[in-house]
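Engineer: Mind looking over this structure? Questions follow.
Where a number appears in this text, it was derived from the coordinates with a stated rule and is not lab data. Bear in mind that the values here come from a model prediction, so they are computed numbers and not experimental data. Cβ coordinates were reconstructed from backbone atoms using ideal geometry, including for glycine residues, and neighbour counts include every protein chain displayed.
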Amino acid sequence: MSEASIPLARRRSAEPTIFKALGFAFTVFIVAYILVPILVTLVMSFNDASMIRFPITSWSLKWYRDFLGSPQWTEALFNSVVIALGTTMISTTAGVMAAWAFERYDVPFRNAWYLLIMLPLFMPGVVLGLGVAISVGNIQIGGYGVYGTRGLVMLAHALWAMPLVFMLMEATFRTIDYRVVEASYDLGGKPVQTFFEIVIPMVSTGIISSALFAFVISLNEFVMALFLTDRDSQTLPVLMWLSLRSAGTPRLAVASVILAITVFACLSVIVLWYIRQLRKVSR
């Protein structure tokens, strides 16, 4: 009897116990390695002391009140959210359309274009941030300079987020049944109408996932924002870094918890949307 004919459950049960134990141990290690720093930061955010010290001796919501009552920190959080939303819109629109063009049409020099689109994803943030600052930082629109504006940071963050959206959506477009698209054309559907009424609902899970990933990337990005923001457009990660250089108060832990909660919320939306789509398919 060949190995392929043996049921998967029997092959798993036949594996040595040591491999199962090692696999479980490495799984526990990875989960702990991810969760321990987050949990320590969460605990530290309730510290009543004026400096970051662990373990903490007294508990308090003092630094949460301090964060929410500080115009500088709340403005930085607002800037981060606005920039992340703008980055999401830019990168999702561009990435979805580029992925559709690559999957649907015969693009000349396909490999070269693919390499150019993916290139920013592998470039250091300091290179991209400095390059954007030098190349477009001196441009003025209506008498106002673009340097230090949220729009400039959105465009810079999109250099990282758009290739990720493109990569995810190209893989998603490969999974759809193009016979449905052709049927829409045969029934008189126009290309734009077919794209928005037929294609978009079929790849909604991929769009939601890639958009949320783009949001998270922009929200947490620090290096490019450090080069491109001023005091008025400062993002939360930039302010955290500047604050850490002067005083390491538990306010930093509060800001970290807020960013972590936002990331978990985005991941939860992705999971819930995926479960919702699976239930639709199973009906």
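Engineer: May I ask which residue of Gly129, Leu35, Phe264 lies farthest towards the positive end of the charge dipole of the chain, with charges of +1 (Lys, Arg) and -1 (Asp, Glu) on Cβ and the Cα centre as origin?
Structural biologist: The residue sitting most towards the positive pole is Leu35.
Engineer: Moving on. Going out from 0 in 10 Å bins, what whole percent of all Cα-Cα distances in the chain drops into each bin?
Structural biologist: 6, 20, 24, 24, 17, 7, 2, 0
Engineer: Under a straight-distance cross-link criterion of Cα-Cα below 20 Å, which aspartates and glutamates are reachable from Lys20, leaving out those fewer than 8 residues away in the same chain?
Structural biologist: Result set, ordered by chain and number: Glu3.
Engineer: Here's a follow-up. Could you compute how fast the range 82-240 diffuses translationally, taking Rh as the Kirkwood radius over C-alpha pairs and applying Stokes-Einstein at 37 °C with viscosity 0.692 mPa s? Give it in µm² per second.
Structural biologist: 194
Engineer: I'd like the projected area of the range 40-99, averaged over all directions, using the convex hull of its alpha carbons. Report it in nm² with one decimal.
Structural biologist: Computing the convex hull of the Cα atoms and averaging its projections yields 5.8 nm².
Engineer: Also, I was wondering about something else. I need the chymotrypsin sites (Phe, Trp or Tyr not before Pro) found in the range 192-283, filtered to DSSP loop residues with at most 16 other beta carbons within 10 Å of theirs.
Structural biologist: In loop regions of the range 192-283 (DSSP not H, G, I, E or B), the sparsely surrounded chymotrypsin sites (Phe, Trp or Tyr not before Pro) are Phe222.
Engineer: Quick one: net charge of Ala183's neighbours, Cβ under 13 Å, K/R +1, D/E -1?
Structural biologist: Cβ neighbours under 13 Å give a net charge of -3.
Engineer: For a distance above 19 Å, tell me the whole-number percent of Cα pairs in the range 165-266 that qualify.
Structural biologist: 61
Engineer: Just to confirm the filter: which chymotrypsin sites (Phe, Trp or Tyr not before Pro) across the range 55-109 are DSSP coil and have at most 12 other Cβ within 10 angstrom of their Cβ?
Structural biologist: Those satisfying the criteria are Tyr105, Phe109.
Engineer: Which residue, chosen from Ala161, Ile176, Gly151, occupies the Cα position most advanced towards the positive end of the dipole of the range 123-197, where the dipole is computed from +1 (Lys, Arg) and -1 (Asp, Glu) charges on Cβ about the Cα centre?
Structural biologist: Gly151
Engineer: How many angstrom lie between the Cα centre of the range 250-283 and the Cα centre of the range 54-126?
Structural biologist: 15
Engineer: Binning at 5 angstrom from zero up to the longest distance, how are the C-alpha pair distances of the range 54-154 distributed in percent?
Structural biologist: Here the calculated profile for the range 54-154 is 2, 9, 11, 14, 16, 13, 11, 9, 6, 4, 3, 1, 1.
Engineer: Could you give the dipole magnitude of the chain about its Cα centre, charging the beta-carbon of Lys and Arg +1 and that of Asp and Glu -1, in debye to the nearest 20?
Structural biologist: Using Cβ point charges on Lys, Arg, Asp and Glu, the chain gives about 720 debye.
Engineer: What trypsin sites (Lys or Arg not before Pro) does the range 16-93 have in DSSP loop regions with at most 10 other beta carbons within 10 Å?
Structural biologist: When the trypsin sites (Lys or Arg not before Pro) of the range 16-93 are filtered for loop state and at most 10 Cβ neighbours within 10 Å, nothing remains.
Engineer: Which whole-Hz ³J(HN,Hα) couplings does the range 255-269 yield from phi under the Karplus relation 6.51 cos²θ - 1.76 cosθ + 1.60, θ = phi - 60°, glycine and proline marked x?
Structural biologist: Result, rounded to whole Hz: 4, 5, 5, 4, 5, 5, 4, 4, 5, 4, 5, 5, 5, 5, 4.
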